[in-house]
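The values are calculated or read from the model by the stated rules, or taken from the named source; none is laboratory data. Because the structure is a prediction, the values reported are computed rather than measured. With ideal geometry, Cβ positions are generated from the backbone for all residues, glycine too; neighbour counts draw on all protein chains shown.
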Amino acid sequence: MLFGTAVAIITSVFPIAERGKALGINVASVYSGLSLGPFLGGLLTQHFGWTSIFLANVPLGLILIALIFWKLKGEWAEAKGEKFDFGGSLIYSLMLVAIMYGFSTLPAILGICLIVAGALGILAFVKWETKAKSPVLDINLFRNNTVFAFSNLAALINYSATFAVAFFLSLHLQYIRGLNPQDAGLILVCQPVVMAVFSPLAGRLSDKIEPRIIASTGMAVTAIGLFLFTFLSHNTTLTFIIANLALLGFGIALFSSPNTNAVMSSVEKRSYGVASGTLGTMRLIGQTLSMGIAMLIVGMYMGRVQITPEYYPLFLRSEEITFLIFAVLCFGGIFASLARGRIR
């Protein structure tokens, strides 16, 4: 609900000339929150136990609800009067649950079956939506809007290639380098800091320069950063890890804000909610795919075992292969980003 509405609201209230800057601040906030998780989670777990992670969100949530009712005035629904597509929403939900849960259980047989069921669900969903009078997702946006289609594809690729980085590095720093959760999280925090600094700047730049140029450059920088992580070993210095995390953060910042700007600027006002929701879906599916790829590779090389010193070489090999796959994904994403065309 948050991911599906925030970008739509921001796009509605900011003029085109300032949209990239506003979306850049939003992207910086989202990425900072996602990437700060390992650091804050490690800090809370080390000092207060794992349950504190969940308890800490209660007062924060209450404060945010109060701020929304106090500060957020007005409404921006542009598709009033249209019927809600219950059938399409049900197929869509079941399809996503099957795919996302399936990837989380790989390489088990159940996971493969659920992914196949989800793929069949995609076909059923597309068929239903082409006939629906008020579809929950207008398939014509993908058929007739190149900018929208390829920008969402680029987002899916980027999230698929980058989300599991924090997962691998947190384990690498704790097991291979022997750091505690707090110190490992402190190193990982350098990536969101760079992203938070450069995302608004990249968004503002996309108000003046074609977003596909900036976003494609960001995808290329991200691919380089992922490839450099394939050289992780027992002897890799913390300086190298921190510098490469900063490079990765810079690449993601260059990509995300302009890409979001391209998606939201490619549709008319009544489709802002759908565009925002679709982008949120790409984010969450990409994150799940990223973890699914990571789990699949780890499962193939290590199996279902605890990470102990005897398995460190296999863990490092899993890291190497996974980062190589992610780098290749991002390299392909450069062409998806370039293929979107111009929005101005």
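For region 139-148, indicate whether the set of residues that are surrounded by fewer than 20 Cβ atoms within 10 Å (Cβ to Cβ), touching a residue at least 12 places away in the same chain (Cβ under 8 Å) and among the hydroxyl-bearing types (Ser, Thr, Tyr) is non-empty. There is at least one residue in region 139-148 that is surrounded by fewer than 20 Cβ atoms within 10 Å (Cβ to Cβ), touching a residue at least 12 places away in the same chain (Cβ under 8 Å) and among the hydroxyl-bearing types (Ser, Thr, Tyr). Inside region 284-324, residues that are assigned to a helix (DSSP H, G or I) and either of a type in the set (A, V, I, L, M) or touching a Leu at 6+ places or on another chain (Cβ under 6 Å) (or both) make up a count of 20. Contact map, region 51-63: first residue free of Cβ contacts under 8 Å to residues at least 40 places away in the same chain, second residue surrounded by 11 or more Cβ atoms within 10 Å (Cβ to Cβ) and hydroxyl-bearing (Ser, Thr, Tyr), Cβ cut-off under 8 Å, separation 6 or more or different chains; pairs are 52/45; 53/45.
So that you can scan it fast, the table gives a plain yes or no per residue for (1) among the β-branched types (Val, Ile, Thr); (2) under 24 Å from residue 321 (Cα atoms); (3) free of Cβ contacts under 8 Å to residues at least 60 places away in the same chain; (4) surrounded by fewer than 24 Cβ atoms within 10 Å (Cβ to Cβ):
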| site | (1), (2), (3), (4) |
| --- | --- |
| 194 | yes, no, yes, yes |
| 204 | no, no, no, yes |
| 221 | yes, yes, yes, yes |
| 226 | no, yes, no, no |
| 233 | no, yes, no, yes |
| 242 | yes, yes, yes, yes |
| 259 | no, no, no, no |
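Regarding residue 94, is this residue under 30 Å from residue 13 (Cβ atoms), at pLDDT 90 or above and not β-branched (Val, Ile, Thr)? Criteria not met by residue 94. Against the numbered list (1) touching a Phe, Trp or Tyr at 6+ places or on another chain (Cβ under 8 Å); (2) exposed (fewer than 15 other Cβ atoms within 10 Å of the Cβ), residue 176 comes up short only at (2).
Screening the candidates 288, 322 for the property of being among the β-branched types (Val, Ile, Thr), within 28 Å of residue 95 (Cβ to Cβ), surrounded by 18 or more Cβ atoms within 10 Å (Cβ to Cβ) and at pLDDT 90 or above yields one hit, 322. Here residue 30 fulfils each of the conditions (1) part of a helix (DSSP H, G or I); (2) touching a Ser or Thr at 6+ places or on another chain (Cβ under 7 Å) apart from (2). Consider region 80-110 and keep the residues that are over 23 Å from residue 128 (Cβ atoms) and touching a residue at least 24 places away in the same chain (Cβ under 8 Å). The one that is surrounded by the most Cβ atoms within 10 Å (Cβ to Cβ) is 103. Summed over region 206-219, the residues that are buried (at least 20 other Cβ atoms within 10 Å of the Cβ) and in a helix (DSSP H, G or I) give a count of 7. Hey, could you check region 325-340 for residues that are buried (at least 17 other Cβ atoms within 10 Å of the Cβ) and of a type outside the set (A, V, I, L, M, F, W, C) and say which is farthest from residue 222 (Cα to Cα)? My answer is 340.
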